[in-house]
Amino acid sequence: MVVLVVILVITFLLLVYLIGIYNSLVALREQVKQAWANIDVLLKQRHDELPKLVETCKQYMQYEQATLEKVMQARSAVLQAREADSVAGVGNAEQQLRTGLGQLFALAENYPQLKADESFRQLQARITGLEEGIADRRELYNEQVQINNTRIDQYPNSVIARRYGFKPKALLEFSTDEKADVDVSALFKR
């Protein structure tokens, strides 16, 4: 009788432990989703601001159509990657967009009337603020992904993770070009 009670208690404790592992993996998966949703909100906000910026610039930058088109194409690439839920695609498209915006803001220096335009200054400040927010949220997202991926690889979590289909998530990384020092003089070339 005592042996049966001991076996039942051990079985119960083991079951509680396994349920705890499962629940913690679910919580981590949801934290990664929430971190991505936070980035997505900022990407959408920036997505809405870019056409306004391009329209404002078009009024002054008649000879810079290639740069303006590059920004809009990169904007479309980011949207497509977001809609496809491709973290790697967003990273690549973000690189293109950031390069285009850098060139656009650098070229704006050649247009004093544009720099003086209140709408341009507000949009530039808004987009710069959104860029900073995206960078902060990207850091949080990558931290959550790292925790998630580590936990599902650790034993005994890996057994539960495999059994219930928990998969590693992709980090939001940008290309090595973005991590390199910025060549400011190249941004001013036409």
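Please treat every number below as a calculation from the coordinates, not as lab data. Because the structure is predicted, anything quoted here is derived from the model rather than measured. Counting neighbours? That spans all protein chains shown, and the Cβs are built from the backbone with ideal geometry, glycine included.
Please go through the residue pairs Lys70/Lys115; Lys58/Lys115; Lys33/Lys169; Lys70/Lys169 and name each one whose alpha carbons sit more than 18 Å apart in this structure. Mind dumping the intermediate values first?
On the way: Lys70/Lys115 20 Å; Lys58/Lys115 13 Å; Lys33/Lys169 10 Å; Lys70/Lys169 30 Å.
Beyond 18 Å: Lys70/Lys115; Lys70/Lys169.
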Cβ-Cβ FRET estimate between Tyr17 and Asp136, R0 fixed at 41 Å, reported to 0.05: 0.70
Running a GNM on the chain with Cα contacts under 10 Å, which residue among Gln31, Gln65, Gln73 ends up with the highest mean-square fluctuation? Gln65
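Ignoring the sites themselves, what is the longest stretch of the chain with no chymotrypsin sites (Phe, Trp or Tyr not before Pro) in a DSSP loop and at most 13 other beta-carbon atoms within 10 Å?
The longest such stretch corresponds to 64-187.
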Can you give the translational diffusion coefficient of the chain in µm²/s, computed by Stokes-Einstein from the Kirkwood radius over Cα pairs at 25 °C and 0.890 mPa s? 126 µm²/s
Using Cα centres only, tell me the gap between segment 147-163 and segment 90-144 in whole Å. 38 Å
Comparing Leu104, Leu43, Leu14, which has the greatest mean-square fluctuation in the GNM of the chain with Cα pairs linked when under 10 Å apart? Leu14
On a 0 to 90 degree scale, rounded to 10, what angle separates helix 87-108 from the longest Cα axis of the chain? 20 degrees
Enter the angle in degrees (range 0 to 90, nearest 10) between the Cα long axis of helix 2-58 and the first principal axis of the Cα atoms of the chain, meaning the one along which they spread out most. 10 degrees
Burial ordering of Ile152, Ile10, fewest other beta-carbon atoms within 10 Å first: Ile10, Ile152
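For every helix of n ≥ 4 consecutive DSSP H residues, a contribution of -39,500 (n - 2.57) applies; sum these over the chain, divide by its total residues, and give [θ] at 222 nm rounded to the nearest 500 deg cm²/dmol.
Here the helix-only value at 222 nm equals -28000 deg cm²/dmol.
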Rank Arg98, Arg162, Arg137 by mean-square fluctuation in a GNM of the chain with C-alpha springs under 10 angstrom and give only the top-ranked residue. Arg162
